[in-house]
Structures are given as C-alpha cells and as structure tokens.
1. Take the residues of segment 31-52 that are of a type in the set (Phe, Trp, Tyr) and part of a loop (DSSP other than H, G, I, E, B): which is farthest from Asn111 (Cα to Cα)?
2. Out of the residues in segment 15-30 that are more than 16 Å from the ligand (Cβ to nearest atom) and either assigned to a loop (DSSP other than H, G, I, E, B) or within 14 Å of Ile105 (Cα to Cα) (or both), which is most open to solvent (accessible area, probe 1.4 Å)?
3. Hey, Val194 hits all of (1) at pLDDT below 95; (2) open to solvent by less than 60 Å² (accessible area, probe 1.4 Å) but one; which does it fall short on?
4. Report the residue count in segment 58-82 for those that are open to solvent by 10 Å² or more (accessible area, probe 1.4 Å), at pLDDT 90 or above and either within 9 Å of the ligand (Cβ to nearest atom) or in a loop (DSSP other than H, G, I, E, B) (or both).
5. Condition test on Thr229, is it among the polar types (S, T, N, Q), part of a loop (DSSP other than H, G, I, E, B), buried (at least 19 other Cβ atoms within 10 Å of the Cβ) and in the same structural domain as Ile105 (by TED's automatic domain parsing)?
6. If I filter segment 163-213 down to residues being assigned to a strand (DSSP E or B) and away from the ligand (no atom under 16 Å from the Cβ), which single residue comes out as nearest to Leu62 (Cα to Cα)?
Amino acid sequence: MWMNLFNLSDTTEVAKKILQRGEMVVLTGAGVSTESGIPDFRSPDGIWNKYDFTEFATIDALLRNPVKVFGFFKEFLGPLKSAAPNKAHKALARLEEVGLVKAVITQNIDNLHQKAGSKNVIELHGNALNARCMGCHKPYTLDDIENERYGFPPVCPDCKKLIKPDVVLFGERLPDAAIKTACQLSMDSKLMLVIGTSGTVAPASGLPHLAKKAGADIVEINVEPTIITKTTTDFFLQGKAGEIMSELCEKILNEISVG
Ligand code: NAD
C-alpha cells in the first residue's frame, strides 16, 4: 500500500539530482541526532513515551510548576552538552564546504550542526546551551542551570525572575528573524533535503510545502514514511540519516572529483 503512495529512491539518483540543481537547503529534525544518542520526541523510544509534553514542554507548565519542568530540563538538556555530531551532521558540513548546502534550517536545540562545522545554521527552536532571564533577558548558560549556580529553579540575581533555557516551548513564539529567514530560504530553494522530522510541529512542518510550491525538488530521509512523504516528497530515502548521508556525500564528492 505505502509503496504506491511515494517514490522510494536511491542515493545515486539523489546525488545526481543535487548536482544538477547545484545547491540545496536542508531542514533537520530530532531524527538527525538520534545516532548521536539524543532521543527524539515521537519514535517508540522517544521522550514523549516517558513524559507528557503538556506537563513538561509548554510555557504554561513552566510557569505553573517550575520545579517539575526544571527537573525535566536537567535530565533532557544536560546530556546535550557532551553529545558529539554523527555522520549525518558531518556530511552536511562537508557539503556546505563544497558549496552544495546553502543553509541548514534546524528544529533541533542540540548545537550539533555547529559542532560538526556547519556555518549557516538557522535555529528555529533556539539553542539549549544558552539560557536567558525571563525578566531582564540577561544571558546565562546551560552550565549555570545544571550547576544550580543561581538556585533551583534558577533565578536571576538582578531581577529575581526565572532563568530559562533559550529554547522555544510549546505556546511560545518562534524567533522572528529565524522563521523569516527560513521561509525566504525555502521559497528560494531549488532542492530541499528534509532529514529526520515527523513533520508534525508547525511552522517548521510547512517549510517543505513552501519550497515545493516555489518549484523545489523535495528529498526526504527518514527511517519511516511521514506525513510529508505522502503529501510533498519527490524522492524518499528510507533508512538512518547517518548511513544515508555519508553514502550520499561520498557519491557527490566522487562525482565532483571525476567531473
Ligand atoms: P519528532 O520526534 O517528531 O520526529 C523525529 C523523526 O525522526 C521521526 O519521523 C523518526 O522516524 C525520524 N528518525 C528517528 N531516528 C532517525 C534516524 N536515525 N534517521 C532518520 N530518521 C530518524 O521530531 P521533530 O520532527 O524534530 O519535531 C519535534 C521537536 O523535537 C522539534 O521541535 C525539536 O525542537 C525537538 N527535539 C529536538 C531534539 C534535539 O535537539 N536533538 C531532540 C528531541 C526533540
């Protein structure tokens, strides 16, 4: 049944398409980082199987019960600091180096694209390594929260308001500049590579549709078909992001060196 609904592709075909288009914009989700040991949200062993997101990841929950939500932050965000980029992050950084990746738009908050060497990274949902006072906006770090340097839950010594990780919780606005840039990049893209997202979190989930409407080819990498596969994807590469991206990168670099 599925096989009739989307075009299962291979890395040779996609490598040719990327070289033909000459440039791509990449959209990543939590699935690009699972091979770095960071669980995603919605897979069978994802975070929402353990936690109810309405109690831990909304701005209302944080204001209602900061002790409970900061307990979750410490457990989930703490390990992000020591996580290392995997083969998928590294392949994307290499493809940016040779001029084929124009930008990486990410829903992730783990800083792994930057750690891998990607330069043009648009963070839609913030970066968990940074934190900010909710009152005076003074910058802090994840370290400050983890070490309980300003108490638990952490409170800004200047204005006595909560210090919150610099991540977008459900119920909060996305950073204006990031979403504006992401929309423009999507509308201008010739090819969008969508990796490891379930396509269920708006407005990021709308970007592939925006790109497609503007004429881009949509290539998707995921371990399983998603809502995007059915509605928008032109080339679906099924499997783990790290394995597929390193194979794809190798084929592209071989073509470039031969050509
Ligand atoms: P999601 O959990 O809804 O979906 C993850 C997707 O990745 C699924 O479709 C799954 O099939 C796929 N996937 C899992 N492992 C994969 C792999 N090895 N290779 C290829 N695909 C794989 O995540 P989402 O769509 O990004 O949206 C949810 C929100 O999760 C985002 O807002 C993001 O901020 C947040 N989040 C971020 C991190 C992180 O920073 N690493 C981790 C968890 C959640």
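The values are calculated or read from the model by the stated rules, or taken from the named source; none is laboratory data. The structure presented is a predicted model; accordingly, all values stated were derived computationally and were not measured. When we count neighbours, we look across all protein chains shown, and the Cβ atoms used for this are built from the backbone with ideal geometry, even at glycine. All accessible areas refer to the heavy atoms of the entire protein, side chains included, with ligands and DNA or RNA removed. Shrake-Rupley method; radii C 1.70, N 1.55, O 1.52, S 1.80 Å.
1. Checking each candidate, the answer is Tyr51.
2. The selected residue is Glu23.
3. Going through the list (1) at pLDDT below 95; (2) open to solvent by less than 60 Å² (accessible area, probe 1.4 Å), Val194 breaks only (1).
4. Residues that pass the stated criteria total 1.
5. When the stated conditions are applied, Thr229 does not pass them.
6. Only one residue tops the list, namely Ile163.
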